[in-house]
Each structure stands twice: as structure tokens, then as C-alpha cells.
1. In the list B:Pro100, B:Pro32, B:Pro52, which residue meets the criterion of being within 11 Å of chain A (Cβ to nearest Cβ) and either open to solvent by 60 Å² or more (accessible area, probe 1.4 Å) or at pLDDT below 90 (or both)?
2. Quick one: count up the residues across region B:82-97 that are in contact (Cβ under 8 Å) with a residue 40 or more places away in the chain and either more than 19 Å from the chain's Cα centre (by Cα) or surrounded by 18 or more Cβ atoms within 10 Å (Cβ to Cβ) (or both).
3. Listed residues B:Glu89, B:Glu142, B:Glu110; which is within 14 Å of another protein chain (Cβ to nearest Cβ) and not in a helix (DSSP H, G or I)?
4. Look through region A:429-453, keep the residues that are of a type in the set (Lys, Arg) and more than 7 Å from chain B (Cβ to nearest Cβ), and return whichever of them is least open to solvent (accessible area, probe 1.4 Å).
5. Contact list please: Cβ distance under 8 Å, first residue in region B:159-183 and at the interface with chain A (Cβ under 7 Å from one of its Cβ atoms) and under 17 Å from A:Tyr428 (Cβ atoms), second residue of a type in the set (Asp, Glu) and open to solvent by less than 60 Å² (accessible area, probe 1.4 Å), pairs at least six apart or on different chains.
6. Being out of contact with any helix residue (DSSP H, G or I) (no Cβ under 9 Å at 6 or more places or on another chain) and over 25 Å from A:Pro30 (Cβ atoms): is that true of A:Ala121 here?
7. Hey, among the residues in region A:262-274 that are open to solvent by 10 Å² or more (accessible area, probe 1.4 Å) and in a helix (DSSP H, G or I), which one's farthest from A:Gly198 (Cα to Cα)?
Amino acid sequence: MSRELFKFKGGVHPPEHKTESTSRPIHAAPLPKKLVIPLRQHIGNPAKPVVEIGERVLKGQMIAAADGYISTAIHASSSGTVVAIDLQPVPHISGLPDLCITIETDGRDEWVAHAPLDYQAMEPSQLRMQLRDLGLAGLGGAVFPSAVKLDPGASRDCPTLIINGGECEPWITCDDMLMRHHADEILQGVAIMRHLLGSTDILVGIEDNKPEALDSMRSAAAKLDFAVEVVAVPARYPGGGAKQMIETLTGKQVPSGKLSTDIGIQVFNVGTSYALARAIHHGEPLISRLVTVTGHVLRPQNFEVLIGTPMHTLITLAGDRDGTTGVLMGGPMMGVPMPDLDVPVVKATNCILVKSKELFPPLPKALPCIRCTRCADACPAELQPQELFRFAKAGDFGRAQEYHLFDCIECGCCSYVCPSHIPLVDFYRYAKSEIWAREKDKRAADLARERHEFRQFRQEREKKEKAEKLAAKAQTKRAELAAVPAAEGAAVSDADAKKALIAAALARAQAKKSDAAPKNVDQLTPVQLHQIEEIEARRTKIRELARKPLEPEEKNP
Amino acid sequence: MLAAIGVMALLAVAIGLVLGWSAIRFKVEGNPLAEKIDAILPQTQCGQCGFPGCRPYAEAIAKGEADINQCPPGGEEGVKKLAELLGVEPKPLDEAHGTPKPKSVAFIDEQTCIGCTLCIQACPVDAISGAAKQMHTIIAAECTGCELCLPPCPVDCISMVPIAEDLPHWKWKHPVVMMKRVA
């Protein structure tokens, strides 16, 4: 190929371990008895359940709807009955449970009615809404809702579209296998992306350690009616990172704190493109994906797995072995350890890597940082990892941010080369999450301040309004009273007015009292009348008695 | 000699005018230091510092009338930040004003609530909704956990529930690194 390639800074060459899982064909994992489908599988708001417990659902039926713009729908991976909507273990390093919909499958795998979409005839915004409702999210790892990424925005255009088949992380081969076997469909997806983004320059970047995938994609690209350049890029970790792939192919760097779309480039993973083609040309939502099961298993291979399948069933399928020391979701560089193997496969699960002592010997104990800056040489984001480590460890997050902590892609190159074996990335993740938590606290504090200030303002206002109302009332009363004697031609003082007011109030009260006649005295028997008379007599007597002792006291003070 | 005095006097008048004008033109409303202190305070509005809210406490600190270690919800970290801002030595929290507690939100037992509105009147951030003789409830997202609604409740139906750690609130912990013994 004639295309000039560029070199991103840093990177490492860890052992690839790709052939273990590429020697066997893709197998469809059998239908599990129970599917546990988390509602938070993508970046953004978790989906909102739209089914009820006990409801029968069909394969591909939406069970949770997108909530907001940055969100995407979740679908039933097979037909069956919803048995629970509750907190279940999910593939997250914390081991904390999250809201999931559990479906007991009926084994019939019955599809919901679905039909291909005529994307060329559809309004782009409507098409994006459809994709959101079909649950599309980036399968490269970040799981960002694809519908959002497929919106070029009002003024921005996206001349360059990069399809990322880099798959630089060791052990993982799901993208490789997908490109080998489904190249045509991946490029059908590319056609849809091109339609939505209006891209003119379409590049597919594949690391040169995947010759079969390169051949397959090139022959598929040759059949297309638009130009797609399939480029072999040198294999170097993390060459499959979006920013690194952009730099390798175009020589452009995404500025710090900006998005690739700001420089007119959008990047999608090959898996996302495949899922997009399935969604448009078959009407199938994202309910399954390719997962590499490899490492310390008898038959490392790739499976076509329904979302929600428990991870341990896949490890059993691949043949579990004694001496397992842990399981990672993802590869050895960026993968996260799974606290529990009952957790389901989600949209982000590209690889299940079973560890053993032989394959992944435990890291030697860490030594203090000697500031050798090997990490800085390896860092593909051109950061100063040794400084970031110092600030993160000391809790000096402000300085860490000044040193562009948020440009760190957590690729793990720094930890990989560190001669002191310091888990550097863990420190960056800690610092990032602390900063986010602080920002959240700050927003909460600002809200509380605003509410408190408004409350004080409201109380003041209410006090003032009440005082004004009383003053106005007194004013009108005074004016009324002043009007009467003025007619009589006499001047009245304030004290007189007050007296008159009190007299008027007393007169009103008297009138009210005399007006109030008992309502149950109409038809009374003579006995009842007699009783009433007796009671009245007693009352007057008591009243007189009550008055008497007061009189001498009043006279003799 | 006279000329020199005249020049100096003229200069003094001119500079005085400029200063006087800029004092009016660039007048800063409020106390900027109090603003900065207020931005550090956690806005719980709990009054544990002895002032009716965060803003009065901030103003008292700015005037030098209050110490920087009287805010338990701000914790040691808050004290550190205040010390940094004011250029003084940080000191441990004053126990007399209470100790830091885990972040909590108030919870009203709706079976017991009699709808007296006393807690609504006590809430500094209007985070309780309800009306007279109607059941009250806490708007958890707005609650600062100040505990000011607890004492006025005549039936003791309000309790403080610590915020449980769930996925959206989960944080990466400070890594614990096993260090090798050298020497």
C-alpha cells in the first residue's frame, strides 16, 4: 500500500498470544437457562425497564428503553419469561450489584417481529433514534451509544471515517475472527456510517499481525461501490486505541480535552460496524457479540454469545482447568478482574481471560519509584506518568490535572515497563475517580447553596408581604372609619378611631351571638322544654355565683 | 524649589483623583474572601459551627472571628483547604463542634409522620415536601444530611440513613501496594 503511515510515541510489544484462540472456528454458545441482562451496559444513563415480572418476552424484544440522549435500549437475548428485575452481580471490578432483568429462557428462541430498515429513505435523525432503540453501542470497549457518535452535528462534518480493526491487546481475537468471517457485513455497516456522517475518506486500520483479516477485508472492500482503504498498521500496543489509530493513519493528533470529531475524524470498532449492519439489514438489535475465551482453558476460542450469558458457562465450554488464579474481562493490559464468575456477558465483554500462575506469574512486590522515566518513554499519550503517580499518590489532584491526567487512556504501558513494578494505572484510576467524586460533591454543594439562599430570600419576601398586607388592611379600615365621622362633620383622632373599631367589632360579635339560634328546638315535648328551663335556671345561678366573689376583690384592691 | 513643590502637589492631586475614581469604578461588592471561603465550605447549612449556615461562618472566618476547624462535614480536608487559602497552619477539627460522620440523608417514616410541618420549617434547603396534616417526604437528591429536621419532629419519625455505596457512587480506592523490604 502506498499510504504514508505515521508513528505514535511510546507503546510496548507484549507477547501477542493471539494464535491460541484463532485456531478454532467461531462457536455459538448454547442458550443458557437464565439470562441476566444489566440495564447499565453503556456510557450514559442506564436504560429504563419496560417489561414486568412474569411477562413473556420474545428474542429481540426491547425490555428496557433508552433514557435520555446519551443512552441506549436493552433487549431480550432470547425468548422466555421475565422472572426478576432486581440487583444482581455485574461485571464490574467493585463487585457491587446493579439493576438487571433476569429472563428464564424457554428454549424456543422465538424472535420478535423484525424487519430490515431502508436507511437511505429515512430521515437521519429518525434513523439514529431507531439505532438507539436497537441498542447499538460501541463494542471496542468504551460502549458509547453509537447513535450519538453517528450524529455529525449541525456545523461539523466528518470527512474521515476510521474503522478500527487494530485489536492491539494481547490474547484478544474477537475482532480478528469477525473480520475473517464477516468482512462483507462489516463493510455494509461502513456504508451506513458513511451515509450518516457524509465521510469521503474511509480507512480501515488493521494491525499487520492479522494477515487473514487483512486479506478478507481487502477482498470484501474491492467489491464495494465506494472506496475503502484497508491499511495494515505495524503491530505495537496500544496501536488499536482510537487516538493512536488516528495518528498512525492520518498523522493528526487529537488535542487534549477535544474529541476526534473536532478534527473531522470519527472512529468505530469493526464489531460496532457489524452490529450496525445486522441492525439495519436484518432489524436485529444488539443481543449477541463475539467473545474470546482464552488463557488457562483447554480449548481457547471465540464464541458468539448472547448478552446476559453467565461467564462461567463459557469457561466451562472452553474447558476449565485446575490452577485458575483469576479471570479478567478484557485483556491482560486493560482488563479488569472479575470478582464473581456468575456475572453475565455484557456489550463491553470482548474477552474472558482465565489466569494461571504459569501464564500470569504474580507481580513481584513493588519498589519505590526511582524516577527512571521509562514510563514516560512508553506512554502513548505523551504524559509524564512518574509525575502523575507522585501527585495521585499524594492526593494532589489539582496538579495531576495540570499534568493532563484526563488524557491518560489507561493502556497500562507505564505499569508494563515499570522496573519497580508499581501498579501505576491503578493510581490514575483512583485519582480520576476522586476528581469526579469531588466535582459531583461540588455540584451538590452549589445546589444546596442556591436552595438555601432562595429559602432565605423567600422567607424575607413572605415576611415583607405579610407586613404589607396587614398595613394595607389597617389603612383601609382607618379610611372607612374616617369617612363616617367626616360626614358628620367631626374630626376624629386615631385613638377615637381605634375605639370605634373595637366598638364595631363588639357589635358584630353581639349580633352574631343573637343571630345564632339553636336549630334543634322546633318540635320539643313538654318534658324536654321543662328540662331546658331547669338547665337554663341552673346556668344563670352558676353565672351569678361565678360573678359574686369577683366583686369584693375588685372593690378592695 | 517652589516649582518642585508645585509639581509634587500637582502629582499628588492627579494621583489622588485617579485613586479616588478607581475606588468607585472598581468597587468590589461584598467580601471576596468570604466568597472564596464559602466556596470551600460543604454547604450542608447544618449550623454545627455555631453560625446559622455556611455563609455566616465564612464571613466570620473572613473577619477573623471564627476558627477554621469548626466544620465537621468539611472534615480534615476542608480544614486543609481553608488553611491553604488563608495561609495559616492547618489544625485538627474542634471536637466541640462535632465529629465527621458518613454522608447520610434523612428518611421520614411515613407510617409515623403526623404531618405537623415542623421539619419542613427547619430544613435549610427546602428538601422536605408535604403540607399540614399531609404526609411529608424527603427529596433525597436535595438533602444535605444536616440533621436539623431531627430535633423538631414531635414523633421522632425521622432517621438518618447513610448513603450506601452503589455502582454510580463507587470510587476506585487508593491502591494498596505491597512494598518489598529493602535492606
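1. Values: B:Pro100 fails: within 11 Å of chain A (Cβ to nearest Cβ); B:Pro32 fails: within 11 Å of chain A (Cβ to nearest Cβ).
Only one candidate qualifies: B:Pro52.
2. Here the count works out to 1.
3. Details: B:Glu89 fails: within 14 Å of another protein chain (Cβ to nearest Cβ); B:Glu110 fails: within 14 Å of another protein chain (Cβ to nearest Cβ).
Step by step, each of B:Glu89, B:Glu142, B:Glu110 is checked, and only B:Glu142 is within 14 Å of another protein chain (Cβ to nearest Cβ) and not in a helix (DSSP H, G or I).
4. Going through region A:429-453, the residues of a type in the set (Lys, Arg) turn out to be A:429, A:432, A:438, A:440, A:442-443, A:449, A:451.
Cutting the leftovers down to more than 7 Å from chain B (Cβ to nearest Cβ) gives us A:432, A:438, A:440, A:442-443.
Working: A:Lys432: 12, A:Arg438: 79, A:Lys440: 90, A:Lys442: 101, A:Arg443: 151 Å².
Among those that are of a type in the set (Lys, Arg) and more than 7 Å from chain B (Cβ to nearest Cβ), it is A:Lys432.
5. B:Lys171/A:Glu434; B:Trp172/A:Asp426; B:Trp172/A:Glu434; B:Pro175/A:Asp426
6. Numbers: out of contact with any helix residue (DSSP H, G or I) (no Cβ under 9 Å at 6 or more places or on another chain): yes; over 25 Å from A:Pro30 (Cβ atoms): yes.
Considered against the rule, which asks whether it is out of contact with any helix residue (DSSP H, G or I) (no Cβ under 9 Å at 6 or more places or on another chain) and over 25 Å from A:Pro30 (Cβ atoms), A:Ala121 comes out as yes.
7. Among those residues, the one meeting the criterion is A:Tyr274.
Here is a yes/no grid of residues against (1) more than 14 Å from chain B (Cβ to nearest Cβ); (2) assigned to a helix (DSSP H, G or I); (3) in contact (Cβ under 8 Å) with a residue 60 or more places away in the chain:
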{"residue": "A:Pro332", "(1), (2), (3)": "yes, no, yes"}
{"residue": "A:Asp342", "(1), (2), (3)": "yes, no, yes"}
{"residue": "A:Val346", "(1), (2), (3)": "no, no, yes"}
{"residue": "A:Leu353", "(1), (2), (3)": "yes, no, yes"}
{"residue": "A:Pro364", "(1), (2), (3)": "no, no, no"}
{"residue": "A:Ala381", "(1), (2), (3)": "yes, no, yes"}
{"residue": "A:Gln386", "(1), (2), (3)": "yes, yes, no"}
{"residue": "A:Phe389", "(1), (2), (3)": "no, yes, no"}
{"residue": "A:Glu410", "(1), (2), (3)": "no, no, yes"}
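The values are calculated or read from the model by the stated rules, or taken from the named source; none is laboratory data. Computed from a predicted structure; not experimentally measured. Neighbour counts run over all protein chains shown; Cβ positions are idealised from the backbone, glycine included. With ligands, DNA and RNA removed, areas are computed over all heavy atoms of the protein, side chains included. Shrake-Rupley method; radii C 1.70, N 1.55, O 1.52, S 1.80 Å.
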